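Before any comments, here is the structure.
The values are calculated or read from the model by the stated rules, or taken from the named source; none is laboratory data. Everything quoted here is computed from the prediction, not taken from an experiment. Methodologically, a virtual Cβ is constructed for each residue, glycine included, from the backbone with ideal geometry; neighbour enumeration extends over all protein chains shown. Protein only, heavy atoms only, side chains kept; ligands, DNA and RNA dropped before computing areas. Shrake-Rupley method; radii C 1.70, N 1.55, O 1.52, S 1.80 Å.
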Amino acid sequence: MDIHGKIQEVLAETLRDDQGPAHRTLSETDFLCALRRRANIDPSRRYLYLQVLGGKAFLEHLQEPEPLPGQVCSTFTLFLHFRNQRFRSKPVPCSCEPDLKEGFLLEIHGDGGKMADATTMLSMCDPVHLVLIRTDTFSETALVSSHFLDWRTVLASPSGKTCFAVELMGVGSECKVPAGVLIVSLELYPPLTETLSTDIISTQQSLNRQRTAEKERLFLVYAKQWWREFLEIRPSHQSKMVKIFAQDENGVNRPVCSYVRVLRAGRLLESPRQAARFVSLLAHEKAPVVGGGGGKQEQWCSLLAFLCRGKGDCEDHATLLCSLLLGFGLDAYVCVGTKTKGTPHTWVLTRGTDGSITFWESLTGHRYLHQAIDPDAPPLALQPKPSSPYRTVGCVFNHHAFLANCQPSDAVELCVFDFQNQSRWKAMSEEALKSVTAPGTITSLPPLPPLCAPSLDPAAASNQLELEMRCLVSEHRKDLDLATVWDDHLSYLLSSALSAYELERCTGVSCGNEEFQDAVRRAVPDGHTFKGFPIHFLHRNARRAFATCLRSPFCEEIVHCRGDHVRLAVRARVFAYPENACAVWLMFACKYRSVL
């Protein structure tokens with residue numbers, strides 16, 4: 001069904017609901033009113049209706065068995081981003097020909113709120129970013145493909161509609177291998193009164209590529225000269241971790257500065273520290289390596305691919321956190337260097353107006369105040385010991401700056417982060433960086449997608465997880481021939497402790513512990529012993545969580561508690577963040593009569 005048929009169907013349903021079965025014709029007034037109310041379409045704006053009509057040739061799933069009714073199976077989910085708009089499809093079972101059939105209505109914003117005409121749309125270089133994610137039966141996600149679709153071919157269609165096959169390539173080491181094919185239909189609404197010729201569109205696309213290629217060539221010439229000058233300062237600079245380019249999930253080399261943009265989270269995140277907490281809740285997973293050798297596969301993901309997958313490497317976390325901190329008005333940079341054991345790492349640095357330097361670990365949300373050590377000021381024993389886990393720093397960058405460390409030592413503890421001092425930091429030209437990182441260039445990623453509000457109901461998720469955990473504990477104790485008696489009041493009291501733990505992770509400030517301890521003292525009678533064990537997870541899989549808990553001797557002691565008048569308690573709290581990132585806290589507790 002095309003967009004006109006879809007809209008007419010929605011409008012007819014609306015009028016039948018409003019006027020009853022006798023009124024089935026659409027007057028112009030009814031048409032416009034129903035458009036605004038039900039179809040959520042502004043008749044004064046232009047829309048692109050992108051319809052996925054199915055998938056083919058996903059050969060990796062050629063032998064995928066047909067799922068039985070009600071059976072949990074691996075699924076495909078398609079995500080889209082276009083000009084600050086995000087969409088996702090319903091999950092469908094993985095197969096060689098997945099039943100991906102979904103329509104997405106993309107608004108094309110014109111200048112000054114006017115309806116975009118063909119010439120205006122031809123000048124829009126923003127592609128539609130398609131990301132395909134596979135979710136297995138254990139809820140683990142994997143990035144299948146990341147594709148940038150140039151939609152402007154529809155401008156040459158006399159009917160305002162075109163249909164074609166989109167070949168999706170793999171990612172990482174498989175970026176040259178086809179992953180599958182999507183059949184895609186594009187349709188403009190309202191249709192263009194005057195279409196463009198295919199020659200004009202192809203000429204414009206070719207011109208864009210030529211301009212970008214020339215900018216890339218000039219930047220590469222500049223970067224090589226800049227690097228030669230950096231090496232002439234000191235031969236040892238050859239070994240410093242100065243990273244100018246990085247490969248994305250499609251194997252495209254991009255300037256590292258293009259991975260950082262100013263990102264504002266609206267009402268979804270209220271402070272820089274809450275932003276750091278959110279980023280730390282996205283799981284850490286290194287890019288997969290095919291084969292042995294122990295080498296690290298480089299893959300800096302685009303933000304949409306990172307968010308849709310819900311996990312990534314330290315570079316993905318650091319660039320996202322830096323973008324969010326810039327959005328909160330901080331002077332933030334991504335640092336490239338090594339950790340204490342010499343492993344390559346990236347983290348975030350912010351500079352205060354008073355000159356203070358703070359390191360932010362994007363994988364944990366921890367913050368470290370940096371105090372440089374003066375090697376010429378004895379005795380060294382009286383100087384502050386390094387508090388951060390970072391060993392060396394080779395370069396720092398953000399969306400408009402790239403600076404390489406040209407100090408005699410790249411040790412973090414000796415480093416002075418005075419970026420205006422050219423004898424300590426060699427900066428790249430801001431104009432040169434802007435030429436290849438400005439929106440619209442091929443080497444530059446599209447504007448960052450907006451964060452999505454959580455769709456998860458924290459209370460319902462907490463109740464479900466707690467119920468499942470109670471069942472698992474009861475079954476486990478039954479296998480040990482132990483009876484289980486739950487204390488609902490004690491379980492409820494554990495909530496305040498879990499809330500305080502999450503607040504401390506967000507703000508770094510501990511509070512509420514006195515009230516919790518007082519409540520527990522009142523709930524535990526004289527002559528009884530209380531034991532509690534809190535633990536934190538990034539997932540809501542009860543069986544996985546319970547298996548992990550039992551590995552702790554403290555938790556095992558509570559779950560296996562024997563004695564007189566034993567009462568057990570468990571509390572689950574799920575804290576939802578943007579992108580459905582979750583902080584999951586569990587606390588097991590027991591009280592029993594002490595026997596000498």
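Given the conditions (1) more than 31 Å from the chain's Cα centre (by Cα); (2) under 30 Å from D410 (Cα atoms); (3) among the aliphatic types (A, V, I, L, M), report the number of the one that L196 does not fulfil.
Going through the list (1) more than 31 Å from the chain's Cα centre (by Cα); (2) under 30 Å from D410 (Cα atoms); (3) among the aliphatic types (A, V, I, L, M), L196 breaks only (2).
Can you tell me which condition S185 does not meet? The list is (1) surrounded by 12 or more Cβ atoms within 10 Å (Cβ to Cβ); (2) farther than 30 Å from R134 by Cβ; (3) among the small types (G, A, S), and all the others hold.
So the condition that S185 fails would be (2).
Out of segment 121-139, which residues are out of contact with any Phe, Trp or Tyr (no Cβ under 9 Å at 6 or more places or on another chain), crowded, with 16+ Cβ neighbours inside 10 Å and either of a type outside the set (A, V, I, L, M) or assigned by the TED database to the domain that holds C308 (or both)?
Of everything in segment 121-139, just one residue is out of contact with any Phe, Trp or Tyr (no Cβ under 9 Å at 6 or more places or on another chain), crowded, with 16+ Cβ neighbours inside 10 Å and either of a type outside the set (A, V, I, L, M) or assigned by the TED database to the domain that holds C308 (or both), namely C125.
So if I check each of P255, P288, P235, P272, which one is surrounded by fewer than 15 Cβ atoms within 10 Å (Cβ to Cβ) and either modelled with pLDDT of 90 or more or more than 21 Å from A179 (Cβ to Cβ) (or both)?
Within the list P255, P288, P235, P272, the selection yields P235.
With respect to V92, is the statement that it is exposed (fewer than 13 other Cβ atoms within 10 Å of the Cβ) and of a type in the set (A, V, I, L, M) true?
Criteria not met by V92.
Please go through segment 159-177 and pick out each residue that is open to solvent by less than 30 Å² (accessible area, probe 1.4 Å) and closer than 30 Å to A118 by Cα.
Scanning segment 159-177 gives G160, V166, L168.
F148 - would you say it is among the aromatic types (F, W, Y) and part of a strand (DSSP E or B)?
Taking the combined requirement at face value, the residue satisfies it.
Would you mind finding the one in L494, L490, L538 that is closer than 27 Å to F278 by Cα and modelled with pLDDT of 95 or more?
Residue meeting the stated conditions: L494.
If we only count helices (runs of 4 or more DSSP H) wholly inside segment 443-556, which ones have 1 or more residues that are under 37 Å from the mean Cα position of the chain (by Cα) and of a type in the set (K, R)?
458-479, 488-507, 542-550
For every residue, the table says whether it meets (1) in contact with a Lys or Arg (Cβ under 6 Å, 6 or more places away or on another chain); (2) part of a helix (DSSP H, G or I); (3) modelled with pLDDT of 95 or more.
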position	(1), (2), (3)
D316	no, yes, yes
L320	no, yes, yes
S323	yes, yes, yes
Y333	no, no, yes
I373	no, no, no
A377	no, no, no
A381	no, yes, no
V396	no, no, yes
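Going by the conditions given, is N541 at positive phi and polar (S, T, N, Q)?
The answer is no for N541.
Restricting to segment 148-158, name every residue that is touching a residue at least 40 places away in the same chain (Cβ under 8 Å) and either open to solvent by 20 Å² or more (accessible area, probe 1.4 Å) or more than 30 Å from G312 (Cβ to Cβ) (or both).
Matches in segment 148-158: F148, D150, R152, T153, V154, L155, A156.
Could you please find all residues in segment 538-560 being buried (at least 19 other Cβ atoms within 10 Å of the Cβ) and touching a residue at least 40 places away in the same chain (Cβ under 8 Å)?
A542, A545, F546, V559
Confirm whether P454 is closer than 30 Å to E270 by Cβ and in contact with a helix residue (DSSP H, G or I) (Cβ under 8 Å, 6 or more places away or on another chain).
yes
For segment 93-104, does any single residue satisfy the condition of being of a type in the set (K, R) and touching a residue at least 60 places away in the same chain (Cβ under 8 Å)?
Scanning segment 93-104, I find no residue that is of a type in the set (K, R) and touching a residue at least 60 places away in the same chain (Cβ under 8 Å), so the answer is no.
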